[in-house]
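Q: One structure is given below, represented as structure tokens, and several questions about it will come after.
Any read-out appearing in this document is the output of simple, stated calculations on the displayed coordinates, not a laboratory observation. Because the structure is predicted, anything quoted here is derived from the model rather than measured. Counting neighbours? That spans all protein chains shown, and the Cβs are built from the backbone with ideal geometry, glycine included.
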Amino acid sequence: MDERALVVVGGGPAGMAAALSAWERGVRDILLLERDRHLGGILNQCVHPGFGLVQFKETLTGPEYADRFVQRVRATREIEVNTGSFVAELKPGKVLTYFKPGEVRSVRAGALVMATGCRERTREMIQIPGSRPAGVFSAGFAQRMMNIEGLLPGRRVVVIGSGDIGLIMARRLSLEGATVSAVVEIQRQPTGLKRNIVQCLDDFGISLYLGHRVAWIHGKDRVEAVDVAAVDELGCEVAGGRFSIPCDTVLVSVGLIPENELIEMAGAEINRRTNTPVSSDLNYTSIPGLFVCGNAYRVYDIVDSVTRDSVIAGRQAAEYLAAG
Ligand SMILES: Cc1cc2nc3c(=O)[nH]c(=O)nc-3n(C[C@H](O)[C@H](O)[C@H](O)COP(=O)(O)OP(=O)(O)OC[C@H]3O[C@@H](n4cnc5c(N)ncnc54)[C@H](O)[C@@H]3O)c2cc1C
């Protein structure tokens, strides 16, 4: 079996920052595993500006921000990057099994940093009733369709959730010629940043319904309309507060869930409510030498904070290895 001083799983901003930070502290023999064909993580599909204000004092797009780290990883000439590598198993003793096309490989890590990011919450998780037509997408999936595959998910759209991803997608769809009829948010306050409310909704004349929820999705083959209902503080429908919005697409943007199934498989303690590691300190798990950073550790608002805390994860891994 292959043996490495440090294995980092996930080649997004968190994994790259952790690997670089460990390398800068003298760790050699680092393997960085990424399931996608490219490094960069979710940033590769975030073509809007607004990244890097803290780290670089300038505003970059997601791919530009990622590229700064990709170049630094390459420049080390020593961090081995293995893309197209999907880690499927983590056993106690920090033994990983990963798949590459046509191959299964195993590696034992002296120290391990997991930087596997988040997945999106789905329609099923918030239990929106109605039929099951085509045209209901998670916001991140729609973003990938548009920014990577070059496909428009629909022409008349309702967005569920006022977090930053939903707001940014409302603007993106408008810029590409779709009509965004509404953003519907069950809370009484928007959950995204103020600047995104202004730049993504107000500037495009998109209505935001606070204290409302999508109560029904209509459509046989394709989405045809949604019913929107006003709700009280307890989330119960207010009588007479229901109306319908015709649309062909619903984007669901109702939060992210940290990806931590692998560390759980290895026996790390997990907080069931947040799906994050039970942790005595930043990036720590209940297993010595196994660290988690970036959006897998907690859902961060901005990537600059992911980078800051993931640099610490690299240092922690280096210190763990140095302590023998
Ligand atoms: C739509 C959207 C808009 C955003 N806008 C902004 C913004 O304007 N400004 C800002 O600062 N931040 C923004 N962010 C947040 C920022 O993108 C994230 O904070 C950051 O990308 C998180 O980095 P990460 O490395 O933890 O996770 P990710 O970028 O998700 O990277 C995780 C990586 O792990 C890999 N991986 C996962 N599981 C495995 C496995 N089993 N085997 C191998 N590889 C695996 C994934 O393929 C991925 O490459 C936005 C995010 C989204 C989704």
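Q: Please give, to one decimal in nm, the separation of the simple spin-label points placed at residue 108 and residue 47, each 7 Å out from Cα toward the Cβ.
A: Rounded to a tenth, the inter-label distance reads 4.7 nm.
Q: Now a separate question. Once every DSSP H run of n ≥ 4 in the chain is given -39500 (n - 2.57) and the sum is divided by its residues, what mean residue ellipticity at 222 nm do you get, rounded to the nearest 500 deg cm²/dmol?
A: Result for the chain: -7000 deg cm²/dmol, rounded to the nearest 500.
Q: Among rounded, prolate and oblate, which fits segment 1-159 when a ≥ b ≥ c are the square roots of the eigenvalues of its C-alpha gyration tensor, a/c under 1.5 means rounded, and a/b larger than b/c means prolate?
A: Because a/c hits 1.5 or more and a/b fails to exceed b/c, segment 1-159 counts as oblate.
Q: Excluding residue 1 itself, calculate the net charge of residues whose Cβ lies under 12 Å from the Cβ of residue 1, where each Lys or Arg counts +1 and each Asp or Glu counts -1.
A: With Lys, Arg at +1 and Asp, Glu at -1, the neighbours total +3.
Q: Taking every DSSP beta bridge with both residues inside the chain, roughly what % is antiparallel (nearest 5)?
A: Restricted to the chain, the bridges split so that about 50 percent are antiparallel.
Q: Can you list the residues, at least 5 places off or on another chain, whose amide H is less than 5 Å from the amide H of residue 182, using H built in the peptide plane?
A: It is 159, by chain and number.
Q: Follow-up. Local charge sum around residue 277 (other residues, Cβ-Cβ under 14 Å, Lys/Arg +1, Asp/Glu -1)?
A: Taking every Cβ under 14 Å from that of residue 277, the sum is -3.
Q: Can you tell which of 139, 115, 75 shows the greatest fluctuation in a Gaussian network model of the chain with Cα springs below 10 Å?
A: 75
Q: Could you tell me the convex hull volume per residue, in Å³, taken over the Cα atoms of the chain?
A: For the chain, the hull spanned by Cα atoms encloses 142 Å³ per residue.
Q: With both partners inside segment 122-252, how many of the DSSP beta bridges are antiparallel, as a percent to the nearest 5?
A: So the antiparallel bridges in segment 122-252 amount to around 40 percent.
Q: In the neighborhood of residue 224, defined by Cβ-to-Cβ distances under 14 Å, what is the net charge if each Lys or Arg adds +1 and each Asp or Glu adds -1?
A: Charge balance in the 14 Å sphere: +2.
Q: Below 8 Å, C-alpha to C-alpha, sequence gap of six or more: please give me the relative contact order for segment 122-252 in percent.
A: After rounding, I find 32 percent.
Q: Which ordering of 305, 162, 207 is given by a fewest-first count of other beta-carbon atoms within 10 Å?
A: 207, 305, 162
Q: Neighbour counts of other C-beta atoms within 10 Å: give me 91, 57 arranged from fewest to most.
A: 57, 91
Q: Size of the dipole of the chain about the Cα centre, Lys and Arg at +1 and Asp and Glu at -1 on the beta carbon, nothing else charged, in debye to 20?
A: Computed charge dipole of the chain: roughly 220 debye.
Q: Still on this structure, please answer the following. Can you tell me the relative contact order of the chain? Whole percent, Cα pairs under 8 Å, sequence separation 6 or more.
A: Relative contact order, the chain: 22 percent.
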